[in-house]
Amino acid sequence: MTSHQFVLAGAVLAAAIVASGAYHPAHAQETDRSEDLAAFEEQFLAVDQSFTDEARAEAVERFAALQREASGLSDAEFELAVAEISGLADNGHTGILVGRWAGAFSRLGVRFLITDDGLHVADAVPEYEDLVGAKVLSVGGHDLEALRATWARYFRGRAGRRDNAMYAFLESPEILHAAGLSESPEAVDFVRDGGRTVRIGTTETWPAAEGVWRWIPQAREIQLSEAGRVAGDPLYLQDPEALFRLVELPEAGAVYVQFRANHSFGEGKGMRARATEAATRLREISPSVVIVDQRFNFGGDLNNTRDLMQAIPEIVGPDGHVYAIVSGRTFSAGISSVGYLKQAGGERVTIIGSPVGDPLEFWAEGSPIRLPQSGALIGVATERHNYMTGCQEADCHGSIRRNPIRVQSLEPDVAPEVTYAEVVGGKDPYLEAALELAREAE
């Protein structure tokens, strides 16, 4: 993405419209939503370019149904409805930004963590402290796979990114109720390990998100670390507000470079300057191993780090190696960065983690809109990215046409499983895998 366009890396898709297009309002109160509907039609449907012809036709049909029924929907139902329509584009940058849900809708007194071994209660207000660490077998009578399947109907795209966005959905009884997954908008029943059913109510005591995290959900692991729920001080969670870090690991003969965004978002020195300084520092150190951690990089401006990513394989030299750490949160310009790195380094770049948050062809670059009455934020995408072909079509983003990415795949070469116990125990299987591979290559 370009520096003058804010990337909707946290855009999340949800839904409340049934497949037939019929709505089932949960209350009789009428609400004027005419301004929201007009803005959605004129600033979103008429502008976003990511829909296929078939998906656009369905979106137009669903929108007509929404126009007829919107006044009878609750706020949560309405927001889910417009999210489902935007979600028909099946594009990560197109849809509702759920960061605002924490302040707009009810929140449970617990926070979850999804890992490879399931769903767990990872944080709680004092009333529910005894539940921290419990494995959750079902929420509202639905097991994790059923919840994922429902969320996938609402939030299109790759599974890893869906899981990372799912907390905003699972932790609001108001949203779950609007989606038909919970009987009450004020509490949710869940079954914990051992079969015990627990009812969790709402709270207003979670700290308010600040800065860019008001729109883009912060990584759950960082939230848990800040809350004191992660043991020790694992490298990948240190300096939680830093969007860029460079740490020398002399005992491993390596340098660790972490990006949590591709843009400084007004905080201190610009990201392009930081990347330039990082390249200079790496050349001074001349490491044979560089670990580039992009697992939390939600996006920004792909131009900011392109030169650095292209330079790193040259800096480590023909006998050196680069390990790129990725996850479902690696999104937008984060994916671009990994693409430039892999293109430059080829077989000397090993990708570790879980699949990145979008396929290698997606749409981005639009400016978000805010619906004037509900306050809902919706991502709009207007330009194509294709990292398999180099994207030379007229509708491709200019930076990619001028500086193309052509890679066969960005799928992980090594995919360690990550358990709840490892996360809260301060372990980092992704970094450990990179360091182990580096030792084996010596």
The condition of being touching a Leu at 6+ places or on another chain (Cβ under 8 Å), modelled with pLDDT of 95 or more, closer than 30 Å to TRP101 by Cα and open to solvent by less than 10 Å² (accessible area, probe 1.4 Å) holds, among ALA324, ALA333, only for ALA333
Residues of region 183-241 satisfying the condition of being in contact (Cβ under 8 Å) with a residue 40 or more places away in the chain and of a type in the set (Val, Ile, Thr) = VAL188, VAL191, VAL198, ILE200, THR202, THR203, THR205, VAL212, ILE216, ILE222, VAL230
What tally of residues in region 237-272 results from selecting those that are crowded, with 17+ Cβ neighbours inside 10 Å and within 17 Å of the chain's Cα centre (by Cα)?
-> 8
For region 101-189, which fully contained helices (runs of 4 or more DSSP H) count at least 2 residues that are open to solvent by less than 30 Å² (accessible area, probe 1.4 Å)?
-> 144-154, 159-165, 167-170, 173-178
Within region 75-100, of all residues that are open to solvent by 20 Å² or more (accessible area, probe 1.4 Å) and either assigned to a helix (DSSP H, G or I) or among the basic types (Lys, Arg) (or both), the one modelled with the lowest pLDDT is ARG100
Lone qualifier among LEU431, LEU437 - being under 26 Å from HIS120 (Cβ atoms), in contact (Cβ under 8 Å) with a residue 60 or more places away in the chain and assigned to a helix (DSSP H, G or I) | LEU431
Any residue at all in region 389-406 that is surrounded by 14 or more Cβ atoms within 10 Å (Cβ to Cβ) and acidic (Asp, Glu)?
-> no
Find all pairs meeting these conditions: Cβ atoms under 9 angstrom apart; at least six residues apart or on different chains; first residue within region 33-50 and crowded, with 16+ Cβ neighbours inside 10 Å; second residue assigned to a helix (DSSP H, G or I) and hydroxyl-bearing (Ser, Thr, Tyr).
-> ARG33/SER71; PHE40/SER86; PHE44/SER86; LEU45/SER86; ASP48/SER86
Failed item in (1) within 17 Å of SER374 (Cβ to Cβ); (2) open to solvent by 20 Å² or more (accessible area, probe 1.4 Å); (3) at pLDDT 95 or above, with ALA64 passing the rest = (1)
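The values are calculated or read from the model by the stated rules, or taken from the named source; none is laboratory data. The model shown is predicted, which means the values in this text are computed figures rather than measured ones. Cβ coordinates were reconstructed from backbone atoms using ideal geometry, including for glycine residues, and neighbour counts include every protein chain displayed. Heads up: the accessible areas ignore ligands, DNA and RNA and are worked out on the full protein's heavy atoms, side chains in. Shrake-Rupley method; radii C 1.70, N 1.55, O 1.52, S 1.80 Å.
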